[in-house]
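Student: There's a structure below that I have some questions on.
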There are 2 protein chains.
Amino acid sequence: MIVVESGLGKFEMKIIDLRAHSIAIADPPLRSSYGLHAPYALRTIVELESEDGIVGISETHGSDAIAKAFHKLRSRIVGTDAYRLSGLLLPMIDTSAAGADRSQTRYVPGENPADEAARLYSAIEIACLDLIGKSVGKPVCDLLGGRSRSEVPFSAYPFYKHSGGGGEGADARPDEYGEALSPEQLVLQVNQMFAKYGFREIKFKAGVLDPDKEIETVRQLRAAFGPKIPIRLDPNCAWSVETSVRIGMALREELGNGGYLEDPTASIPGMAQVRRKLLDIGVTTPLASNVAVTSFGDLPESIRTDAVQVVLCDPHYWGGIQQVQHLGKLCHTFGLGLSMHSNSHLGVSLMAMAHAAAATPQLTYACDTHYPWQSEKDEVVAGGRVPIVNGCVKISEKPGLGIELDYDQLARGRERYTRCEYRKRDDEGEMRKHVDSNWRRILPRW
Amino acid sequence: MIVVESGLGKFEMKIIDLRAHSIAIADPPLRSSYGLHAPYALRTIVELESEDGIVGISETHGSDAIAKAFHKLRSRIVGTDAYRLSGLLLPMIDTSAAGADRSQTRYVPGENPADEAARLYSAIEIACLDLIGKSVGKPVCDLLGGRSRSEVPFSAYPFYKHSGGGGEGADARPDEYGEALSPEQLVLQVNQMFAKYGFREIKFKAGVLDPDKEIETVRQLRAAFGPKIPIRLDPNCAWSVETSVRIGMALREELGNGGYLEDPTASIPGMAQVRRKLLDIGVTTPLASNVAVTSFGDLPESIRTDAVQVVLCDPHYWGGIQQVQHLGKLCHTFGLGLSMHSNSHLGVSLMAMAHAAAATPQLTYACDTHYPWQSEKDEVVAGGRVPIVNGCVKISEKPGLGIELDYDQLARGRERYTRCEYRKRDDEGEMRKHVDSNWRRILPRW
């Protein structure tokens, strides 16, 4: 109920319901050092309804475990005030002792148990911000100090991939980009993404083919798109310290110019070794991370040992948009760059990422996004997919995240979740099932 | 104008006026290593008026230079949206290179030119938050994630002082606490403050008398109030490294138990030396700072060298409430404690400090406040002085900062400013004028 009293709006923002919808969305057979993407990626769409009937939404990773965790959280949510909810829940993510090591290399994003609280908290925070924004008629980024940009740049995110567009059987999606297991195919893939979305940066997922083939791929990308298009290379820890240094040296020109080398090897000490050895031979390409460094607890050691020069934030598991703002200030204070990580996601996450980026001036790289890999058929945003124009998502004047849910599409996503066999992400198992029955994730592989 | 559209509030939050009022408030002759407080402290009350006629307020340091700076900023403020204003102005305070050294020891707070932008920004941010809160009917702390506490604890803040209650001539205030230039008088002063306000922590301003007298004062405080009342000792850099270590050792029991030693000596390297020498002799009393460390740029060196274990935030010069939230997260990440600094101030600042503290869960010490040193006669808050009960300021459900201005009192403060001779804070000059015509601030004095 909105009460307007003597010229002042007085909002009762009591939450009366939390709904967490487990959905499955088609996902093409993308490769990484973790293995292979399954035909369906799992996501959760969260709704917080206030007693005014306004609904705030967010999107996060999906799995049965995550659905269960939201169910368990429900009694702490219902009856509270959206303006106070994230503060009330803050101890979920702010009690870990400083320096506590949550760094890990084995889990795919969304499956690391150490991040569980931050993931849940984040989904609640973002849904609260959407709810508040919709209530007062203001975009989310403007609730948190005000936007530093209205156009948020994203990157092309090419992957080596097998043929196939995701989904299974009658529900299979057309293979928009085709197979890409060679340098030439990879260049074609990027060409196609650039033409469709207008991207001006490349984040390239490596750690899949022999390192010399990946070096060749980066060189062909540079030859095709020129030195004005920064290239960021991410093999997700597939390499030894020595291989990382060799590749860093080989690609010093291609990655050094506005790009970076992301998680070439595992662990903070491993990254610190790579950094020292690269500096020793005059290679200043920054090292980035979203594997060695995924939480505030990882930062002191990483900073002390100069392991990572660019941190990848992600509102989904760093604990929401305010935590990303904190991270931005912290990185700026210590002279670190800030970039943004992505998982397979729909338009709700895309808008949350765009608002986080708009509210975080220290972010200076175009954000990662898997969005081009998802299809219109899976989108739950009313009106269809969020446009990416000239590589950017626009922050409009629309309240909240600027989007509403299409409930028919949401129902279809829930049906797909029920129907498909997947209950958690398992890229390693998927690799064994479809590509090589003996495949294991070996670190370092090369 | 408030437009309510289809159940959603839609606020036009355009700023139509910025008014900065220079006021003078009576201030007793308090002593510190900087010198002597003048009979009047200078403050600025800021009003931001939206086209709805709602007025957001804040309070900051005062001087002719500050008034001029607000005047210069006015054209960038008028016509903008309160929801976006602090974001628009953020480059004012976020452009300094990481590691840039703004650490200083000579200037009294409010007169450091390196902090000027952060002080202006802060006053605008807080007034915007008050405006937004009053518009949507929510307290400021709940606009920024939600309060982590509703009762904000403050400390008794005893000073060595000469007799006199502040103000001059016919405008002189009664001397509520009397002279305090001995340990015994200091204990009486704290007794009186405890009885009136219910404080449960002591922040004691030292660096004034011979160190052995100050050691004796701390011991008498401990004897009078017992080990459950933490004592924080702040000589504002009056001591050499050796004297700091000697006093740290002498008072290891009295300060070690929930208290700290604040800025015993000047500069980050000086503090780091004191820390190392204290640890070498087994004294783990934390060192705190609001002189060596006053900005984000000071933190990397301070953390690298373990110079400071507790940072004193202050929304007035760290850049506002959101910057204090960033600082809280940063301190927690690096295992540092967080406390809050104060200057001579009225109730508007007190409420801004209380909201900053409520919105910053990492703050674990009762905040400093000079509020007991100011008098009802100078208060510009409608209804009179903000109550401190059981040592705490209550965060109510009232919108914004929870207070309004008394415009008659504001006018009196402006008259006092016009009438008094002071145009900037100069504790050194005041000391020469009233106590010792040859007095100079010598660092270290002992």
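Student: Using a probe radius of 1.4 Å on heavy atoms only, what accessible surface per residue do you get for chain A? Whole Å² is fine.
Tutor: Normalised by residue count, the accessible surface of chain A is 33 Å².
Student: So how do B:Thr44, B:Thr305 rank on accessible area, 1.4 Å probe, biggest first, that is with the largest at the start?
Tutor: Descending order: B:Thr305, B:Thr44.
Student: In the stretch B:307-350, what residues drop by 40 Å² or more of accessible area when the other protein chains are put back, versus the chain on its own? Use 1.4 Å, and skip ligands and nucleic acids.
Tutor: B:Gln322, B:His326, B:Lys329, B:Leu330, B:His332, B:Thr333, B:Phe334
Student: OK, next. Take every Cα pair under 8 Å in the stretch A:21-94 that's 6+ residues apart, average their separations, divide by the length, and report that relative contact order as a whole percent.
Tutor: Computed value for the stretch A:21-94: 23 percent relative contact order.
Student: To continue, here is another question. How big is the A-B contact in terms of buried accessible area, both chains counted, 1.4 Å probe, rounded to the nearest 100 Å²?
Tutor: Using a 1.4 Å probe on protein heavy atoms, the buried area is about 4100 Å².
Student: Let me ask something else about it. Against the empirical 2.2 N^0.38 Å scaling, what ratio does the C-alpha Rg of the stretch A:128-211 come to?
Tutor: Rounded to two decimals, the normalised Rg is 1.57.
Student: Got a number for the accessible area of B:Leu336? Probe 1.4 Å, square angstrom, nearest 10.
Tutor: My reading of the accessible area for B:Leu336 is about 30 Å².
Student: Then there's this: Set the bar at 27 Å for Cα to Cα. Now go through A:Lys138/B:Lys138; A:Lys205/A:Lys277; A:Lys203/B:Lys329 and name every pair that lies beyond it.
Tutor: With Cα atoms farther than 27 Å apart: A:Lys203/B:Lys329.
Student: May I ask you to list the trypsin sites (Lys or Arg not before Pro) in the stretch A:396-446 that are in a DSSP loop and have at most 12 other Cβ atoms within 10 Å of their Cβ?
Tutor: Qualifying residues, ordered by number: A:Arg440.
Student: Still on this structure, please answer the following. What are the membrane-span-like helices in chain B by this rule: whole DSSP H runs, Cα extent along the axis at least 27 Å, mean Kyte-Doolittle hydropathy at least -0.5?
Tutor: B:116-136
Student: Right, next: On full extension of the chain, what length is gained from B:Gln220 through B:Asp436, given 0.36 nm per residue of separation minus the C-alpha to C-alpha distance?
Tutor: 75.0 nm
Student: Suppose R0 equals 56 Å; then what is the FRET efficiency for B:Ser396 and A:Gln185 from their Cβ-Cβ distance, rounded to the nearest 0.05?
Tutor: About 0.30, to the nearest 0.05.
Student: Turning to a different aspect of this structure: Return the carbon/sulfur percentage of the accessible area of the protein assembly as shown, one whole number, probe 1.4 Å, all protein chains in place.
Tutor: 51 percent
Student: Here is a further query. Points 7 angstrom from Cα along the Cβ direction at A:Asp17 and B:Asp64: gap in nanometres?
Tutor: 6.5 nm
Student: First measure r as the distance between the Cβ atoms of A:Val389 and A:Arg76, then evaluate 1/(1 + (r/R0)^6) with R0 = 41 Å and state the FRET efficiency to the nearest 0.05.
Tutor: The formula returns an efficiency of 0.55 here.
Student: Fully extended, how many nm does the chain gain between A:Thr364 and A:Tyr107 (0.36 nm per residue separation, minus their Cα-Cα distance)?
Tutor: 89.8 nm
Student: Taking springs between alpha-carbon atoms closer than 10 angstrom, which of A:Arg173, A:Arg304, A:Arg147 fluctuates most in the Gaussian network model of chain A?
Tutor: Answer for the Gaussian network model of chain A: A:Arg304.
The values are calculated or read from the model by the stated rules, or taken from the named source; none is laboratory data. From a predicted model like this one, the values you see are computed outputs, not experimental measurements. Neighbour counts run over all protein chains shown; Cβ positions are idealised from the backbone, glycine included. To get the accessible areas, we keep the full protein, side chains included, count just its heavy atoms, and leave off ligands, DNA and RNA. Shrake-Rupley method; radii C 1.70, N 1.55, O 1.52, S 1.80 Å.
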